[in-house]
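Report on one structure; see the data block that follows.
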Amino acid sequence: MEPSSLERLRQVLESGWIGLGPVTKKFEQELADSDLVGKYPVAVNSGTAALHLALVVADVPKGSAVIVPANTFVSTAAVALQHQCRVILADIERDTGNIDLNSVREILESEPDVSAVIAVHYSGIPCDIAGLNEISSTYGVAVVEDCAHAIGSMWQGLPMSASPHIQAYSFHATKALALGEGGCVTFPDEAGAERARRLRRLGIDMSARSWSNPYDIPELGFKYNMGDIAAAVGLAQLEGLPDKLEMRRSIVRQYRERLAGLPVELVRESHESDRSGGFAVPVLVKDRERVRKELDAAGIESEIYFRPLSEFPLDATRTTPVAERFARDIICLPIHPLMSLDEVDYVCERLSECVV
């Protein structure tokens, strides 16, 4: 852990206040000032909690249906089920790994009880936010963006904070901003953020406290709040995050240049003005398992990340053939801020031997 993290943790421990407090508030303010996440961030204890709070604050009715992409982590669907909603799987775009808006429109035309769409920015590649806006206005559904991979991403040259939707971010140990556990949910207006701040701590409202009435609970909430220990780590991580994100983007560029002539499909942004945050380097290959074994023999670790959600007991029966084929072919190549460009070249050379 960096010395600044240790120093910040020491200050929190010596203060005697380790739960939700002033350090968490400072972390939220620095997140807002960074422009790396959406507006009005509310810090919580996981990205899953962020997604659930997003559905609650968006007033998604219980008993309605929620559309989620088949290519995502189970949390994206689990929160809808926990909110007592039915999950409908949408197919994805093979080029980007993101939700296919044509699939979403087909569902909306045939399923009258859909109340929300959760769109995942797969590997940090931005979804078509303008298209999501059009769907929201045409069909009257809420849109929630799962930004677990997307801190620092840009769409149409704009930061993620330019989006008009509620967004959920993850600060899990595997993410670019790594707190171990944690996340935040962001809102297009202060009113939504204020409601989320109450709901993340069981709905407790301290604004009208008195000697005889220490707090009120006008709306029952959840135990989702972040504490000052995690926030202290987050503040330290934020200091170097822009440089780490730029290093990730340099690695992604190097991969794309070196892999351009190989018989692999690059999963990448659909618009030139979009920019991935560089969470992962996904490519599609033939005979994926053989390729992974040969890379492993060369000392190169690879990841798959997601199985299609249709393989899990979610009671979501819609077929998603593109996502299922994507899951058979996808491989995510190594990327982290300490990786050198020479190491990227080595991975590409070994991969070229596997796919020729």
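Out of the residues in region 135-163 that are part of a strand (DSSP E or B) and touching a Leu at 6+ places or on another chain (Cβ under 9 Å), which is modelled with the lowest pLDDT? Show your work before the answer.
Step one: filter region 135-163 for residues part of a strand (DSSP E or B), giving 142-146, 154-155, 158-159.
Those left that are additionally touching a Leu at 6+ places or on another chain (Cβ under 9 Å): 142-146, 159.
Working: Ala142: 98, Val143: 98, Val144: 98, Glu145: 98, Asp146: 98, Pro159: 93.
It comes out as Pro159.
Of all residues in region 55-84, how many are assigned to a loop (DSSP other than H, G, I, E, B), closer than 19 Å to Gly221 by Cβ and out of contact with any Gly (no Cβ under 7 Å at 6 or more places or on another chain)?
Within region 55-84, the subset assigned to a loop (DSSP other than H, G, I, E, B) is 58-64, 70-73, 83-84.
From the residues that got through so far, the ones that are closer than 19 Å to Gly221 by Cβ too are 58-62, 83-84.
Still in the running and out of contact with any Gly (no Cβ under 7 Å at 6 or more places or on another chain): 58-62, 83.
Residues meeting the conditions: 6.
So Leu9 clears everything in (1) over 25 Å from the mean Cα position of the chain (by Cα); (2) open to solvent by 70 Å² or more (accessible area, probe 1.4 Å) except one condition, right? Which one?
Here Leu9 clears every test but (2).
Considering only region 111-129, state which residues are open to solvent by 10 Å² or more (accessible area, probe 1.4 Å), over 30 Å from Glu246 (Cα atoms) and not small (Gly, Ala, Ser).
Within region 111-129, Glu111, Pro112, Asp113, Val114 qualify.
Among the residues of region 90-143, which ones are among the hydroxyl-bearing types (Ser, Thr, Tyr) and within 19 Å of the chain's Cα centre (by Cα)?
Going residue by residue through region 90-143, those that are among the hydroxyl-bearing types (Ser, Thr, Tyr) are 96, 103, 110, 115, 122-123, 136-139.
The answer is Thr96, Tyr122, Ser123.
Taking region 76-103 only, how many residues are polar (S, T, N, Q) and in contact with a strand residue (DSSP E or B) (Cβ under 8 Å, 6 or more places away or on another chain)? Steps first, answer last, please.
Just the residues of region 76-103 that are polar (S, T, N, Q), to begin with: 76, 82, 84, 96, 98, 102-103.
Imposing the further condition that a residue be in contact with a strand residue (DSSP E or B) (Cβ under 8 Å, 6 or more places away or on another chain) reduces the set to 76, 98, 103.
Result for region 76-103: 3.
Look through region 164-174, keep the residues that are part of a strand (DSSP E or B) and polar (S, T, N, Q), and return whichever of them is most open to solvent (accessible area, probe 1.4 Å).
Ser170
Mind checking whether some residue in region 329-336 is among the charged types (D, E, K, R) and open to solvent by 50 Å² or more (accessible area, probe 1.4 Å)? Give the steps one after another, and end with the answer.
Going through region 329-336, the residues among the charged types (D, E, K, R) turn out to be 329.
Next cut, open to solvent by 50 Å² or more (accessible area, probe 1.4 Å) only: none.
Within region 329-336, not a single residue is among the charged types (D, E, K, R) and open to solvent by 50 Å² or more (accessible area, probe 1.4 Å).
Restricting attention to region 63-75, report how many residues are free of Cβ contacts under 8 Å to residues at least 60 places away in the same chain, surrounded by fewer than 24 Cβ atoms within 10 Å (Cβ to Cβ) and either out of contact with any strand residue (DSSP E or B) (no Cβ under 9 Å at 6 or more places or on another chain) or of a type in the set (A, V, I, L, M, F, W, C) (or both).
1
With the requirement that a residue be touching a strand residue (DSSP E or B) at 6+ places or on another chain (Cβ under 8 Å) and under 20 Å from Arg307 (Cα atoms), what does region 118-132 give you?
Ile118, Ala119, Val120, His121, Tyr122, Ser123, Cys127
Between a first residue in region 206-232 that is at pLDDT 95 or above and a second residue that is in a loop (DSSP other than H, G, I, E, B) and among the aromatic types (Phe, Trp, Tyr), which pairs have beta carbons less than 7 Å apart while being 6 or more apart in sequence or on different chains?
That search, which allows pairs on different chains as well, returns Asp228/Trp17.
Within region 15-49, work out how many residues are touching a Pro at 6+ places or on another chain (Cβ under 7 Å) and open to solvent by 40 Å² or more (accessible area, probe 1.4 Å).
Residues flagged as touching a Pro at 6+ places or on another chain (Cβ under 7 Å) and open to solvent by 40 Å² or more (accessible area, probe 1.4 Å) within region 15-49 amount to 3.
If I go through region 92-105 residue by residue, how many of them are out of contact with any helix residue (DSSP H, G or I) (no Cβ under 6 Å at 6 or more places or on another chain) and in a strand (DSSP E or B)?
Residues flagged as out of contact with any helix residue (DSSP H, G or I) (no Cβ under 6 Å at 6 or more places or on another chain) and in a strand (DSSP E or B) within region 92-105 amount to 1.
Condition check: more than 30 Å from Ile331 (Cα to Cα) and either hydroxyl-bearing (Ser, Thr, Tyr) or modelled with pLDDT under 95 (or both). Does Ser115 satisfy that? Walk me through how you get there before you give the answer.
Values: more than 30 Å from Ile331 (Cα to Cα): yes; either hydroxyl-bearing (Ser, Thr, Tyr) or modelled with pLDDT under 95 (or both): yes.
Against the criterion (more than 30 Å from Ile331 (Cα to Cα) and either hydroxyl-bearing (Ser, Thr, Tyr) or modelled with pLDDT under 95 (or both)), Ser115 qualifies.
Restricting to region 311-327, count the residues that are within 16 Å of Val267 (Cβ to Cβ) and surrounded by fewer than 17 Cβ atoms within 10 Å (Cβ to Cβ).
Qualifying residue count for the region: 1.
If I ask for residues that are farther than 12 Å from Ile331 by Cβ, without any contact (Cβ under 8 Å) to a residue 40 or more places away in the chain and open to solvent by 60 Å² or more (accessible area, probe 1.4 Å), which ones from region 244-289 would you list?
Glu246, Arg253, Glu257, Ala260, Gly261, Glu272
Count, please, the residues in region 263-279 that happen to be of a type in the set (Gly, Ala, Ser) and farther than 12 Å from Arg253 by Cα.
Final tally of qualifying residues: 2.
Any residue in region 77-89 that is touching a residue at least 40 places away in the same chain (Cβ under 8 Å) sitting within a Cβ distance under 9 Å of a residue that is surrounded by fewer than 21 Cβ atoms within 10 Å (Cβ to Cβ) and among the aromatic types (Phe, Trp, Tyr)? List the pairs, counting only those 6 or more apart or interchain.
Ala77/Phe312
Please list, ordered by first then second residue, the pairs with beta carbon atoms under 6 Å, 6 or more apart or interchain, first in region 116-129 and free of Cβ contacts under 8 Å to residues at least 24 places away in the same chain, second surrounded by fewer than 24 Cβ atoms within 10 Å (Cβ to Cβ) and not polar (S, T, N, Q).
Partner pairs satisfying both residue conditions: none exist.
Sort through Leu89, Leu108, Leu177, Leu132 and tell me the only one that's open to solvent by less than 10 Å² (accessible area, probe 1.4 Å) and assigned to a helix (DSSP H, G or I). Before you say what the answer is, go through the steps one by one.
Numbers: Leu89 fails: assigned to a helix (DSSP H, G or I); Leu108 fails: open to solvent by less than 10 Å² (accessible area, probe 1.4 Å); Leu177 fails: assigned to a helix (DSSP H, G or I).
None of the other options fit; the residue is Leu132.
The values are calculated or read from the model by the stated rules, or taken from the named source; none is laboratory data. In this text the structure is predicted, and so the values were computed from the model without any measurement. Cβ atoms come from the backbone with ideal geometry, glycine included; neighbour counts cover every protein chain shown. Side chains are part of the model used for accessible areas, which takes the heavy atoms of the whole protein and leaves out ligands, DNA and RNA. Shrake-Rupley method; radii C 1.70, N 1.55, O 1.52, S 1.80 Å.
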